[in-house]
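Okay, so here's the structure we're looking at.
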Amino acid sequence: MKFRKLLSLKQWSHIFRSSWRYIISPEVAMGDKLLFTIPALLYWVLPDFMPFVPIDDIGVTMLLMGWFVTRMDRKYAALSSGR
């Protein structure tokens, strides 16, 4: 994700809507869903694992969401344009 898109409200709106849609979609493989949910949950549960990273839990989750949605948009192009 480019820096300009990182500051775009339209981009974040797309990320929030799409991440939820991909998580609940039966067409998306469980392994793909776990690539987002497990690291996010682990970071929320074990924040002391990386104590020197100056990013809050929500920041890590948002970065993971951006990566997840970008990856799923490329992999499941028909699903992202169909709804």
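Before moving on, here are some points about what is shown:
- For region 15-32, a residue qualifies if it is assigned to a loop (DSSP other than H, G, I, E, B), exposed (fewer than 14 other Cβ atoms within 10 Å of the Cβ) and either out of contact with any helix residue (DSSP H, G or I) (no Cβ under 7 Å at 6 or more places or on another chain) or of a type in the set (A, V, I, L, M, F, W, C) (or both), and the qualifying residues are PRO26, ALA29.
- Residue match in region 67-79 (condition: open to solvent by 70 Å² or more (accessible area, probe 1.4 Å) and modelled with pLDDT under 85): yes
- Looking only at residues in region 48-66 that are of a type in the set (D, E, K, R) and in a helix (DSSP H, G or I), the one that is modelled with the lowest pLDDT is ASP48.
The values are calculated or read from the model by the stated rules, or taken from the named source; none is laboratory data. Just so it is clear, the structure is predicted and the values come from calculations on it, not from any experiment. Cβ coordinates were reconstructed from backbone atoms using ideal geometry, including for glycine residues, and neighbour counts include every protein chain displayed. Ligands, DNA and RNA are stripped out before the accessible areas are found, and what is left, the full protein with its side chains, is counted by its heavy atoms. Shrake-Rupley method; radii C 1.70, N 1.55, O 1.52, S 1.80 Å.
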